[in-house]
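For reference, the structure is listed below as structure tokens.
The values are calculated or read from the model by the stated rules, or taken from the named source; none is laboratory data. Source: prediction; values computed, not measured. Ideal geometry is used to build each Cβ from the backbone, glycine not excepted, and the neighbour counts take in all protein chains shown. Just so you know, the surface numbers come from the protein's heavy atoms only, side chains and all, with ligands and any DNA or RNA stripped out. Shrake-Rupley method; radii C 1.70, N 1.55, O 1.52, S 1.80 Å.
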Amino acid sequence: MSMSTNNGASLDSNGMAGALVQAVDRTEVERNNRIMLYKLLLIVPVMLFFCASMVPLYKQICKVLGITATRAMAENTQVDTSRLIAIDFVANLNTNFAWNFVPVEKHVDVNPGAKMTINYRVTNTLPYATTGRAVPSFAPIEGGLYFNKIECFCFSNQTLQAGETRDMPVTFYVAANIPKDIGAIALSYTFFRVNDSEAATNLSAGNLKKAP
């Protein structure tokens, strides 16, 4: 009887010790969670302050380095009225490409830095839709380094319906720092056919069906 009582008391003691350990562990976890929460609550306002301070800091850096939007716009629109650059516009078609392609304005004189818009005109003379792509070139080659296109139809597919005529603008300016020994630039576009083989095949098949 005495041994049984001792065993029961030992089990009760072990159970109480285990419960005490678990309670201590829970308390430690809760304390760590509170510390983590406090840290997170501290980080949030610090991050907000950092983000808010980045805008004036960025503006100050740009101001010191001189890379403001106002200056960039001034550089792009600075006009040298003391000289004129002669610009010639040329249109070419790749072999067997049945479009009409001409510059509406063949020649302009422009002050370096002054923005100007001219047009090319293209007509699809085929009885079905076709797609072309224009590739530019410059003469002299050095002149192309100072010829800045703002709007251009080059390097993108142009699809014209049968018989359609379209005016395509080119907006540009010649850089104000163009060397004095470059007094003329020729801009030439060559249109290449992208793919009209499917349309031609379909048209031929339609004509064959209509033939007696």
tail above 14 Å in the computed P(r) of segment 113-186, as % of all Cα-Cα pairs, reads 66 percent
Output the relative contact order of segment 85-203, whole-number percent, from Cα pairs under 8 angstrom with separation of 6+ residues. 37 percent
For a Förster distance of 22 Å, can you work out the FRET efficiency between the beta-carbons of Asn94 and Arg121, rounded to the nearest 0.05? 0.80
Rank these residues by their accessible area, most exposed first, probe 1.4 Å: Phe138, Phe89, Phe155. Phe155, Phe138, Phe89
Excluding Thr123 itself, what net charge comes from residues whose Cβ is under 10 Å from its Cβ, given Lys and Arg +1 and Asp and Glu -1? +1
Of the accessible area of segment 85-203, with the probe set at 1.4 angstrom, what percent is carbon plus sulfur? 50 percent
